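In what follows, a single structure is set out as structure tokens and then discussed.
The values are calculated or read from the model by the stated rules, or taken from the named source; none is laboratory data. Keep in mind it's a predicted model, so treat the numbers as computed, not measured. Note that we place each Cβ from the backbone using ideal geometry, even for glycine, and neighbour counts take in every protein chain shown. To get the accessible areas, we keep the full protein, side chains included, count just its heavy atoms, and leave off ligands, DNA and RNA. Shrake-Rupley method; radii C 1.70, N 1.55, O 1.52, S 1.80 Å.
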Amino acid sequence: DLVPYLHNLLWSSPLQILLAMYLLFRLVGVASLVGFGVMIAVIPVNASILLKLRKLQEANMKEKDKRVKTVSEVLHSMKVIKMFAWERPLSNQIRSTREVEVQRLRRYGYISSLQSIFWNSAPVTVSVATFGA
């Protein structure tokens, strides 16, 4: 969904930042450079958080695949499972796999929330740094 807009962002974002910095510099002077510095400092922090989220998502997808495979095997061999009374051990195996998956999802949610708070508070932080300097 992002691809059609990506070419527009590549040229318009730097132009918008340069224009905003020029106008801000004319308005508040050197203090605008403090805000620009904060804005530049936010980018690598956000990028590192996003990389961590990506790794967590990949790990979670592997756990999810493992669980889905196990459930699929159980459903396909239900007669054998019932015949040998393996319901409880297989249920415990699926449950433990699901618990690992839920722990990863919870961790992903926490880090994603922190990233969202950090990214959404960046404009306020830049403004405070600019006008507080």
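Descriptive notes on the structure:
- Straight-distance candidates among the lysines for linking to Lys64, with alpha-carbon spacing under 22 Å and chain neighbours fewer than 8 residues away dropped: Lys52, Lys55.
- If R0 equals 30 Å, the separation of the Cβ atoms of Ile40 and Arg107 corresponds to a calculated FRET efficiency of about 0.55.
- Against the set (1) 81, 33, 15; (2) 50, 39, 20; (3) 42, 32, 31, the structure's computed Cα extents along the principal axes in Å falls on (1).
- Share of carbon and sulfur in the accessible heavy-atom surface of the chain [1.4 Å probe, %]: 67 percent
- By the rule of a C-alpha distance below 17 Å, with chain neighbours fewer than 8 residues away ignored, the aspartates and glutamates paired with Lys79 are Glu87.
- Taken one residue at a time, the phi angles of the range 97-110 give Karplus couplings (6.51, -1.76, 1.60, θ = phi - 60°) of 5, 5, 4, 5, 4, 5, 4, 5, 4, 4, 5, 4, x, 5 Hz. Gly and Pro are set to x.
- Per residue, in Å², the accessible surface of the range 4-133 once ligands and nucleic acids are set aside, probe 1.4 Å: 75 Å²
- Degrees separating the helix 3-28 axis from the principal Cα axis of the chain, which is the longest one: 40 degrees
- Each residue of the range 67-79 was assigned a 3J(HN,Hα) from its phi angle through the Karplus curve 6.51 cos²θ - 1.76 cosθ + 1.60 (θ = phi - 60°); the sequence is 5, 5, 4, 5, 5, 4, 4, 5, 5, 6, 10, 4, 4 Hz, with glycine and proline shown as x.
- Of Ser116, Ser77, Ser32, the one that fluctuates the most in a GNM where the chain has Cα springs shorter than 10 Å: Ser77
- Listed residue (Ala47, Ser72, Gln57) projecting farthest to the positive dipole end of the range 12-89, Cβ model: Ser72
- Within the chain: Cβ-based charge dipole about Cα centre, in debye rounded to nearest 20 (Lys, Arg +1; Asp, Glu -1): 600 debye
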